[in-house]
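See below for the structure under consideration.
The values are calculated or read from the model by the stated rules, or taken from the named source; none is laboratory data. Only a predicted model underlies this, so the values are computations on that prediction, with no experimental measurement involved. Using ideal geometry, Cβ is built from the backbone for each residue, glycine included, and neighbour counts are taken over all protein chains shown. When the accessible area is computed, the model is the full protein with side chains, heavy atoms only, and any ligands, DNA or RNA have been set aside. Shrake-Rupley method; radii C 1.70, N 1.55, O 1.52, S 1.80 Å.
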Amino acid sequence: MSTISTSNTPDAPSDADLADLLRWFVQAGADEAIGDEAIDRLAHVEPPKAAPVPAPAKPSQRPVVPQAAPAALADDKAAIEDARAAAAAAQTLEALRDAMAAFTGCPLKTTAKNLVFADGNPNAKIMLVGEAPGRDEDIAGLPFVGRSGQLLDRMLAAIGLTRETVYIANVLPWRPPGNRTPTPAETAMCLPFIQRHIELIAPDILVCIGGVSAKELFGTTTGITRLRGQWRDYEMNGGDTAKNVPAIAMLHPAYLLRQPAQKRNAWQDLLSLKAKMAELGITPRV
C-alpha cells in the first residue's frame, strides 16, 4: 500500500494512492459513501407534538348540571296527580287493578310485558311489599317467581308462612327495562297505587322487602342495611279505618343471593317477624 505524505504541502494523491485507500476502506468494512460534512439524519424527523394542556378552570366556573325540560317536569307532575286520583277512587282490589291497567302516565308500562299486581291471600294479616318485577315476574305477571322468589318462599317457610298465608305486591307494578333502577319520577307515579293497595288489604303487619320498598314507604333516604330489622309504624290513613301498622324492613332475596353472608341478618329479621306475630296473636290463615 502506498504511504500518505505528511509534509506541510502534500502533493495531490495519485490514482494508485486513491485505489489503495478505497481498498483499505473496503477491508475496514466501510460500505456507504459520505460527504465532506456529517449528515444529521434527525434533522428531517418531526418532534412529537406535545399534548395540549387544558386551560385551568376559572374559580367562578361551576359544572353544568343537565336539567329536565320544564315540559317534562310538568308531564311528570300531571301523571303523579292522575295516579293519586285513580288510586283514591278505587274501592276494591279489582277496581285498583283496573285503574293500574288503564294508567298510561308511567313510561315503564310501555316496555313491560305484563302488569304485576299481586299474589297470595288478600285476607292475610301479613303483607309483603317488594321493589319491582324482574324478568321472570314480568313474564309470569306475578311477584317473586324467579330465583329470589324461590328463596323468599324458603324464608317464609322457615317461620311457618307460605304464599297462601301472606299477601305480596311491589312498589312498582311494571319491570324497568333491563332491571335498571327506576327514576324518582317513575317511582312517584307508582307510589299512590301501592299506598292504596296497602289500605285496601289493611294488614296487621307490613314487611318491606328491599331498599326501594323501605325508602318509599318509610319516607326516608336511609339505606336498607341500616333500616333492616327495626320496627316502625306505617301510617295508613285510608281504607275503612286509619291506623298505624307495625312495619319492618328486610333484605331483598336477590341481595342475599349475591351476598350469602347476609343471610344471618335475614334470619334475625325473620325471627323478629315471628315474635311480632306472636305478640299480636297472629296465626297464619288460608
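Electrostatic bookkeeping for D75 treats Lys and Arg as +1 and Asp and Glu as -1; over the other residues with beta carbon under 13 Å from its beta carbon, the sum is -3.
A Förster radius of 35 Å, combined with the Cβ-Cβ distance separating T111 from A242, puts the computed FRET efficiency at roughly 0.45. Each peptide in 100-113, 167-180 gets a packing score, the mean of other Cβ atoms within 10 Å over its residues, and the list from highest to lowest is 167-180, 100-113. The fraction of accessible area contributed by carbon and sulfur in the stretch 148-271 is 46 percent, rounded to a whole number (1.4 Å probe; ligands and nucleic acids excluded). Every Cα-Cα pair in the stretch 118-206 was counted, and those over 17 Å apart are 48% of them. Pairs exceeding 18 Å between alpha-carbon atoms, taken from K215/K274; K109/K215; K125/K243: K215/K274; K109/K215. The residues neighbouring A249, those whose beta-carbon lies less than 10 Å from its own, together hold a net charge of +3 under the Lys/Arg +1, Asp/Glu -1 convention.
Sorted largest first, the principal axis extents computed over the alpha-carbon atoms of the stretch 127-171 equal 28, 19, 15 Å. Annotation: per residue accessible area for the stretch 212-286 equals 59 Å², rounded to a whole number [probe 1.4 Å, protein chains only].
Model label points for D75 and K274, set 7 angstrom from Cα along the Cα-to-Cβ axis, are 5.0 nm apart. Computed over protein heavy atoms with a 1.4 angstrom probe, the accessible surface ordering of F193, F218, largest first, is F218, F193.
Stretched out straight at 0.36 nm per residue, the stretch from W267 to D233 would grow longer than its current Cα-Cα span by 10.1 nm.
Averaging Cα coordinates gives a centre for the stretch 225-286 and one for the stretch 108-172; these two points are 15 Å apart. Estimated translational diffusion coefficient (Stokes-Einstein, Kirkwood radius over Cα pairs, 25 °C, 0.890 mPa s) of the stretch 153-286: 156 µm² per second. Take D75: with every protein chain present and a 1.4 Å probe, its accessible area is about 100 Å². Rg then Dmax, both in Å and based on the Cα atoms of the stretch 226-286: 14.0, 42. Per the Debye formula on identical point scatterers at the alpha carbon atoms of the stretch 79-130, with no solvent, log10 I(q)/I(0) at q = 0.20, 0.21, 0.27 Å⁻¹ is -0.84, -0.90, -1.17.
Note on E164: accessible area is roughly 100 Å² with a 1.4 Å probe, heavy atoms of protein only.
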